[in-house]
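Q: Got a structure for you, questions after.
The values are calculated or read from the model by the stated rules, or taken from the named source; none is laboratory data. Nothing here was measured: the structure is a model prediction, and the numbers come from that model. For neighbour counting, all protein chains shown are included, and Cβ atoms are generated from backbone atoms with ideal geometry for every residue, glycine included. Note: accessible area is taken over every heavy atom of the protein model, side chains too, but ligands, DNA and RNA are not part of it. Shrake-Rupley method; radii C 1.70, N 1.55, O 1.52, S 1.80 Å.
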Amino acid sequence: DSKAARELEIFMMVRHHQIDFQSGALVFPGGSVDKNDREIAANGALYSGGDGLDVDALGFRIAAIRETFEESGILLARAKGSTSLVDARRAGEIEAAHRTELNEGKITFLKMLTDNSLTLALDGLVPYAHWITPEGMPKRFDTWFFLAAAPPDQLGAHDGKESTDSIWLSPREAVAGGESGRFKLPFPTTRNLIRLGKQGSVKAALADAEGRDIVTVMPVVTKVNGARQLRIPKEAGDRKSVV
């Protein structure tokens, strides 16, 4: 419809039902920082846009680009010496040659970058949110969310292993799907989607994020009338959700 045509769209994936954390959930591409990401962080020739960032901050950004490529095939990188992101054709070649073996641990992301003379476009990432799992939960994560405009014509596709489906949709459609039961949405994902839904375009969403300080959010679990609720700080929206 005409409203949908005006809305920004986000690439999201459905996690495999056999995964032990957030199985079946509709999520953004992402994952954990690994040793290889820190090795890349130590070599400034392998990325652009990391000025003034410490190793931990660099690691989060490098992991975000790596995991996005592993999980979707979308690649935020440039050929060495170029000012333009790799185009869809080149990204497709790199994906065909390396994505499977990267996911299977047969090649490192560092080797993929060096073999293809690539530099990561860390400057294409805008920090968006920082969430820490509530105390007392069986699994806890310190998670950074970033925004990035997808390179032209890089459409993305799920890997069929960790994720079983993928979709481009508006924040409004995703939140509505969570409310109707069409999608299983984690609480932080829902809150970020609601915030993104207030922006009319990719450009506006990036500009809004660039102008904001990041508020670290660690929800607090409370019980109200026998039901558990997650509450987040007022400066992060003062929201609650029954869990």
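Q: If the reach is capped at under 12 angstrom between alpha carbons, list the aspartates and glutamates near LYS198, excluding any in the same chain fewer than eight residues apart.
A: Within the straight-line limit of under 12 Å, LYS198 reaches these aspartates and glutamates: GLU7, ASP208.
Q: Considering only protein heavy atoms, what is the solvent-accessible area of ILE167 at a probe of 1.4 Å, reported in Å² to the nearest 10?
A: Around 50 Å² of this residue is reachable by solvent.
Q: For segment 72-138, give the magnitude of the charge dipole about the Cα centre (Cβ charges: +1 Lys/Arg, -1 Asp/Glu; no others), in debye to the nearest 20.
A: Computed charge dipole of segment 72-138: roughly 220 debye.
Q: With all protein chains present, how much of the accessible area of segment 73-156 (probe radius 1.4 Å) comes from carbon and sulfur, to the nearest whole percent?
A: 52
Q: With Cβ to Cβ distances under 12 Å as the rule, what net charge do the other residues near GLY178 carry (K, R +1; D, E -1)?
A: With Lys, Arg at +1 and Asp, Glu at -1, the net is +2.
Q: Right, here's the next one. For the charge dipole of segment 42-169, defined by +1 on Lys and Arg C-beta atoms and -1 on Asp and Glu C-beta atoms about the Cα centroid, which residue among LEU46, GLY105, PHE141 has the Cα displaced farthest towards the positive pole?
A: Positive-most Cα among the choices belongs to LEU46.
Q: Please list MET12, MET218 from largest to smallest accessible area, probe radius 1.4 Å, with all protein chains kept in place.
A: Correct descending sequence by accessible area is MET218, MET12.
Q: For the pairs LYS80/LYS106; LYS106/LYS203; LYS80/LYS203, flag any whose C-alpha to C-alpha distance is greater than 30 Å.
A: LYS106/LYS203
Q: Return one whole number: the accessible area per residue of segment 58-101 in Å², for a 1.4 Å probe.
A: 39
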